[in-house]
1. Limited to region 142-163, what total is found for residues that are more than 18 Å from A202 (Cβ to Cβ), polar (S, T, N, Q) and assigned to a helix (DSSP H, G or I)?
2. Looking only at region 181-199, how many residues end up being more than 8 Å from the ligand (Cβ to nearest atom) and touching a Lys or Arg at 6+ places or on another chain (Cβ under 7 Å)?
3. Considering only residues that are among the acidic types (D, E) and at pLDDT 95 or above, which ones fall in region 219-263?
4. Restricting to helices (runs of 4 or more DSSP H) lying wholly in region 1-100: which have 2 or more residues that are within 16 Å of F240 (Cα to Cα) and hydrophobic (A, V, I, L, M, F, W, C)?
5. So if I check each of A205, A214, which one is more than 13 Å from the ligand (Cβ to nearest atom), loosely packed, with under 14 Cβ neighbours inside 10 Å and at pLDDT below 95?
6. Would you confirm, using the coordinates I've provided, whether A121 is away from the ligand (no atom under 12 Å from the Cβ), hydrophobic (A, V, I, L, M, F, W, C), part of a helix (DSSP H, G or I) and under 21 Å from L239 (Cβ atoms)?
7. Under 7 Å by Cβ, and 6 or more places apart or on different chains, what pairs join a residue from region 162-190 that is at positive phi and in the same structural domain as G20 (by TED's automatic domain parsing) with one that is surrounded by fewer than 22 Cβ atoms within 10 Å (Cβ to Cβ) and not in a helix (DSSP H, G or I)?
Amino acid sequence: MQQIVRDQIAVITGGTSGIGLGMANAFAAAGYHLAVNGFAAPGEAEALARDLEQQHKVGVHYCPADLAIPEECAAFITEAQRHFGRIDVLINNAGIQYVAPVEQFPTDRWDAILAVNLSAAFHTTRTALPGMQQRGYGRIINIASAHGLVASVNKSAYVASKHGIVGLTKVVALENAQRGITCNAICPGFVLTAMVQKQIEAIAAASHVSVEQATREFQQEKRPSGRYTSVEEIAAMALFLCSEGAGNITGACLSVDGGWTAQ
Ligand code: NAD
């Protein structure tokens, strides 16, 4: 059973959808106060924050920062620190995808993916670290991917960004190994979120097959367990990394991928 934490502050980027939203729910249920960001329809994120507050009796602060912009990454962290007084847990989760062969890959998509999936984590981490170092405590979790460990065709920017964040994770872990701060990467396999749904629908449309058939063909080799990883399973791993038992786990890449990268 998950221990209930009181008065700890967790920051989650991209907390308005998919894995980030699942982690926001799980951390709020575990008693964390939250600062979340991410895109959403007008009023939707604020309503989500109020729901979490009422359901779990924690404080939830929403900030609509665009993490493709370095100044907004830093401002989000500064705002969260000002709102709650400190940050105990930073989860770099926001991410985007685009699929095309290298020679056709639009350069603006390359820049956007590197900015959101990799550079944003650098900007949030460098802003959050001094406070964590001062207090001698911090948990930094980067949501990388199986694509941080292995590659797939047509995903050059995504694979490069995820390999990059695995490298960043290790450096942050080493630089802070004796300061009470851990930094780890979670490497999910396929989780059925908006990001993956879009890819499968595009494949189904391009190959004139059903979404079910596209799922089987597209993901056969990448899901030895025969199913998607759930957002709850990713959230459970993130919560474990914040538990006392995980205090000496740092610089690790933890696969939650149904066996994909064991092959
Ligand atoms: P998602 O599309 O459901 O959620 C992405 C979140 O990031 C949203 O809240 C979105 O608003 C936010 N975001 C995107 N661009 C942003 C920007 N410029 N500024 C602020 N927020 C921004 O996707 P997801 O599947 O939940 O993915 C979450 C993370 O998990 C990503 O880093 C992704 O690469 C990673 N991941 C996902 C899978 C999967 O199969 N779904 C597998 C491995 C890793």
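1. Count: 1.
2. Final tally of qualifying residues: 1.
3. E232, E233, E244, D257 - these are the residues of region 219-263 that are among the acidic types (D, E) and at pLDDT 95 or above.
4. Numbers: elements: 18-29, 44-56, 70-84.
Ranges flagged: 18-29.
5. So the residue among A205, A214 that is more than 13 Å from the ligand (Cβ to nearest atom), loosely packed, with under 14 Cβ neighbours inside 10 Å and at pLDDT below 95 is A205.
6. Against the criterion (away from the ligand (no atom under 12 Å from the Cβ), hydrophobic (A, V, I, L, M, F, W, C), part of a helix (DSSP H, G or I) and under 21 Å from L239 (Cβ atoms)), A121 does not qualify.
7. From residues that are at positive phi and in the same structural domain as G20 (by TED's automatic domain parsing), the pairs are G180/G136; G180/Y137.
Yes/no matrix, rows are residues, columns are (1) away from the ligand (no atom under 16 Å from the Cβ); (2) surrounded by fewer than 16 Cβ atoms within 10 Å (Cβ to Cβ):
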position	(1), (2)
P42	no, yes
A49	no, no
Q54	yes, yes
V58	yes, no
E72	no, no
A100	yes, yes
T107	yes, yes
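The values are calculated or read from the model by the stated rules, or taken from the named source; none is laboratory data. Everything numeric in this text was worked out from a predicted model, so none of it was measured. Cβ: placed from backbone, ideal geometry, glycine included. Neighbour counts: every protein chain shown.
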